[in-house]
Amino acid sequence: QLQASGGGLVQTGGSLRLSCAASGTTISNYSMGWFRQAPGNEREFVAAISWTGGSTYAAESMKGRFTISRDNAKNTVYLQMNNLKPEDTAVYYCAAKDATMTRYGYWGQGTLVTVFS
């Protein structure tokens, strides 16, 4: 089970750190990702991190602002979001996939981020 938290209301230019805690399993066996879905929009990829944390990826529009990281000892993945913009307003989801999966197969419940100007 994945539990995302850390969302909230923040002003333009502000920062938030989202957390995704896993229970019932150890995330060290999984590649992890963050996705988001704004009202009326399709879900979009935000960032991903390999199971060791050695490789990270971010959507082009978020590079330089969003950073994904993981602490396998704490069984948690993070998304540090800086310089937030109103268009970053969305529900953010964490997801996991193991080596047998080509797509993310495990999803958390989402946490809402609202950026106001």
Residues being farther than 15 Å from residue 110 by Cα and at pLDDT 95 or above: count how many of those fall in the range 12-30. 4
Cβ-Cβ distance below 8 Å, separation of 6 or more or different chains: which pairs start in the range 83-110 with a residue that is within 19 Å of residue 64 (Cβ to Cβ) and end on one that is among the hydrophobic types (A, V, I, L, M, F, W, C) and exposed (fewer than 12 other Cβ atoms within 10 Å of the Cβ)? 86/116
Look at residue 77 and say whether it is within 22 Å of residue 100 (Cβ to Cβ), open to solvent by less than 80 Å² (accessible area, probe 1.4 Å), in contact (Cβ under 8 Å) with a residue 40 or more places away in the chain and within 12 Å of the chain's Cα centre (by Cα). yes
Inspect the range 1-22 for any residue being free of Cβ contacts under 8 Å to residues at least 60 places away in the same chain, assigned to a loop (DSSP other than H, G, I, E, B) and either of a type in the set (Gly, Ala, Ser) or surrounded by 13 or more Cβ atoms within 10 Å (Cβ to Cβ) (or both) and give the result as yes or no. no
Looking only at the range 83-92, how many residues end up being over 11 Å from the mean Cα position of the chain (by Cα) and open to solvent by less than 60 Å² (accessible area, probe 1.4 Å)? 5
Counting only residues that are open to solvent by 80 Å² or more (accessible area, probe 1.4 Å) and among the aromatic types (Phe, Trp, Tyr), which one in the range 46-67 is nearest to residue 90 (Cα to Cα)? 57
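The values are calculated or read from the model by the stated rules, or taken from the named source; none is laboratory data. Source: prediction; values computed, not measured. Positions of Cβ are generated from backbone atoms using ideal geometry, with glycine treated the same way; all protein chains shown enter the neighbour counts. The area values use the complete protein model at the heavy-atom level, side chains included, leaving out ligands, DNA and RNA. Shrake-Rupley method; radii C 1.70, N 1.55, O 1.52, S 1.80 Å.
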